[in-house]
Amino acid sequence: LATVAIRFTGRPDPSLQSHLLINDRLVVVGTPALVKKLGKNPAKWPAAQLLRHTYMDWSVWTSSQDLATPLEVDGLEFNDAVILLDAAKRGLGLGISRLSVAWESLEKGELVLASPHVCSSPLNFYLMYRFDCADNPAIRTFTDWVIEATKIWEKRLQQYGKKSERKVLKSSNKN
């Protein structure tokens, strides 16, 4: 029996053949109105307005930049990334998110980057299967298809990231 899995993990299982699908990034998002109100300086964001995810804390994002003091996070907590984004879209606070999850809402303008700082996500999607299945034609075909599809997605994310970074930096220079 040949089984292929797509796993969301920090590192692939060394006993399996693994292909990194998306090198995701972490961003902080909020509604345009809330970001305008709170500003783009993380040091000035109220702890109670920073939305939390049960399985993804803010420490990776905050530690990947030079903040004078650690960011205190004490907002609502969610165990689902999509529900956290929905709360952010409703103006309940700023949320930490993977760019791949927030991308559509950012493209639509429902959310904007609250900070120009973007960092690598510690968790990513990997396609995995047993080494002894690598020559299975069905697995090769599926793997090639998934990898090609994720290359298109990755390119879209990179293009969005560059466009958004320019927009965020341009608006930061006006303030």
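Below are the figures for this structure:
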item	result
Strands (runs of 3 or more DSSP E) contained entirely in region 1-92, each with at least 3 residues that are at pLDDT below 95	5-9, 16-22, 25-30
Subset of region 2-16 (residues that are over 11 Å from L127 (Cα atoms) and either loosely packed, with under 10 Cβ neighbours inside 10 Å or touching a Lys or Arg at 6+ places or on another chain (Cβ under 7 Å) (or both))	G10, P14, S15
Failed criterion for A48 (all others in (1) open to solvent by 60 Å² or more (accessible area, probe 1.4 Å); (2) in contact with a strand residue (DSSP E or B) (Cβ under 9 Å, 6 or more places away or on another chain) hold)	(2)
Given (1) closer than 19 Å to Q159 by Cβ; (2) under 11 Å from the mean Cα position of the chain (by Cα); (3) hydrophobic (A, V, I, L, M, F, W, C), index of the condition I96 fails	(1)
Any chance L123 is touching a Gly at 6+ places or on another chain (Cβ under 8 Å), in contact (Cβ under 8 Å) with a residue 40 or more places away in the chain, under 21 Å from V101 (Cα atoms) and not basic (K, R)	yes
Residue check for V82: free of Cβ contacts under 8 Å to residues at least 24 places away in the same chain and within 13 Å of the chain's Cα centre (by Cα)	yes
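Residue by residue, here is whether (1) within 30 Å of L71 (Cβ to Cβ); (2) in a helix (DSSP H, G or I); (3) open to solvent by less than 50 Å² (accessible area, probe 1.4 Å) holds:
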position: S100; (1), (2), (3): yes, yes, yes
position: L106; (1), (2), (3): yes, yes, yes
position: S115; (1), (2), (3): yes, no, yes
position: L127; (1), (2), (3): no, no, yes
position: I139; (1), (2), (3): no, yes, yes
position: D144; (1), (2), (3): no, yes, no
position: I152; (1), (2), (3): no, yes, no
position: R156; (1), (2), (3): yes, yes, no
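The values are calculated or read from the model by the stated rules, or taken from the named source; none is laboratory data. A quick note: this is a predicted structure, and the numbers were derived from the prediction, not measured. Glycine gets a Cβ as well: all are built from the backbone with ideal geometry, and neighbour counts include every protein chain shown. The protein model used for the area step is the full one, side chains on, heavy atoms only, and it has no ligands, DNA or RNA in it. Shrake-Rupley method; radii C 1.70, N 1.55, O 1.52, S 1.80 Å.
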